[in-house]
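Taking it in order: structure first as structure tokens, then the write-up.
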Amino acid sequence: MKFGGGPQLRGCFPLFQGSLCVFPWRHTVPSSSSSMETSPLVGERRVNVCSINSRLRIHSHGPVIANQEDLLNDEVHAEAKKAKREVALSAGYGGDVGLLPADSSLDIAEESELPTCLLCVCLTGSVYCEEVVPDMTSVPPLPKETAYLYARYNKIKKIKSKDFADIVTLKRIDLTGNLISEIEDGAFSKLTLLEELSLAENNLVKLPMLPAKLTSFNANHNQLKTTGVKANIFKKLTKLTYLYLANNELEAVPHLPESLRTIHLQNNHIAAISDDTFCKGNNTHYIRLRVNEIRMDGNPVILGKYPNSFTCLRSLPTGRYS
């Protein structure tokens, strides 16, 4: 292998867990305000060692590129919506990705071989996998220190029990806008730190057991039925503050924990409520201080028929009263 004169060598060569990639590279140093002249040829070769695992590391041997901050993009959500080739370029690969030979171990055309942090955008404990191209049909393998996962508007169809089994650091999961119709038992059971979970805009007909520390749960715009939502599913969630179950097919209100502030149940099939739905029917002195919003509009129930159901509330729910 010659780096001076002689034939130029370029391409990728197999190494242990990766490839050795060599490409011609010219780099010039921009002139400053002083009389410094533009340097001619500073470097002739760049060698990249590409390790294909859960994280892709690129080590550049050659001159240090000025203003490395230019390689970072502050607009995280914009990055998350880019196609993988664009994400690869923004991650610091430059135009060299396009120079890789077709038989390279890092073939951009082979989407399934790309690690998660090239398919998605990974930034300090956060993984953004929004509108991934080509279609993402399952939860991708995540770095073990992941705390925040945003995998919105993909084609994920099922959540398996193993998907999050090893990612105990998760605090927020947003799977809005997928095609999820099934969640295996125990899929969230090991997520003891999980505080926010969004399963909105999917095809769910039932809910799994939920982590005890949840503060916000969103399952709006699904196909949830009363038979698929256990009456006491939220009872032990003593930190739950925001509950969104709008635009489903529920026929009854599940047990609501005392911690709730916002309750959205609009546009369901709820036809009746009881004195115990929001209050404690046997305790006329009970006041539910935390709740500040209850939405029941879009249901067939006529709330005016149940005046004793709201005696503990500071404000009446939104809905039909006549």
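The values are calculated or read from the model by the stated rules, or taken from the named source; none is laboratory data. None of these values were measured; they are calculated from a predicted model. Cβ: placed from backbone, ideal geometry, glycine included. Neighbour counts: every protein chain shown. With ligands, DNA and RNA removed, areas are computed over all heavy atoms of the protein, side chains included. Shrake-Rupley method; radii C 1.70, N 1.55, O 1.52, S 1.80 Å.
Going by what's in this entry, would Thr284 be described as of a type in the set (Ser, Thr, Tyr) and either open to solvent by 70 Å² or more (accessible area, probe 1.4 Å) or not in a loop (DSSP other than H, G, I, E, B) (or both)? Answer is yes for this residue. For segment 213-232, filtering for residues that are in a loop (DSSP other than H, G, I, E, B) and at pLDDT 95 or above leaves 10. The residue of segment 136-166 that is surrounded by the fewest Cβ atoms within 10 Å (Cβ to Cβ), among those that are touching a Gly at 6+ places or on another chain (Cβ under 8 Å) and under 20 Å from Gln223 (Cβ atoms), is Tyr153. Taking the criterion of being buried (at least 19 other Cβ atoms within 10 Å of the Cβ) and in contact with a strand residue (DSSP E or B) (Cβ under 6 Å, 6 or more places away or on another chain), the residues of segment 181-207 that qualify are Ile183, Ala187, Leu197, Ser198, Ala200. Out of (1) open to solvent by 20 Å² or more (accessible area, probe 1.4 Å); (2) in contact with a strand residue (DSSP E or B) (Cβ under 9 Å, 6 or more places away or on another chain), the odd one out for Thr169 is which? Failed condition: (2). Restricting attention to segment 217-229, the residues that are surrounded by fewer than 19 Cβ atoms within 10 Å (Cβ to Cβ) and either out of contact with any Lys or Arg (no Cβ under 9 Å at 6 or more places or on another chain) or at positive phi (or both) add up to 2.
In this structure, does Leu265 turn out to be closer than 20 Å to Asp185 by Cα, free of Cβ contacts under 8 Å to residues at least 60 places away in the same chain and more than 20 Å from the chain's Cα centre (by Cα)?
no
When segment 290-322 is limited to residues that are within 33 Å of the chain's Cα centre (by Cα) and of a type in the set (A, V, I, L, M, F, W, C), the one that is farthest from Pro254 (Cα to Cα) turns out to be Val291.
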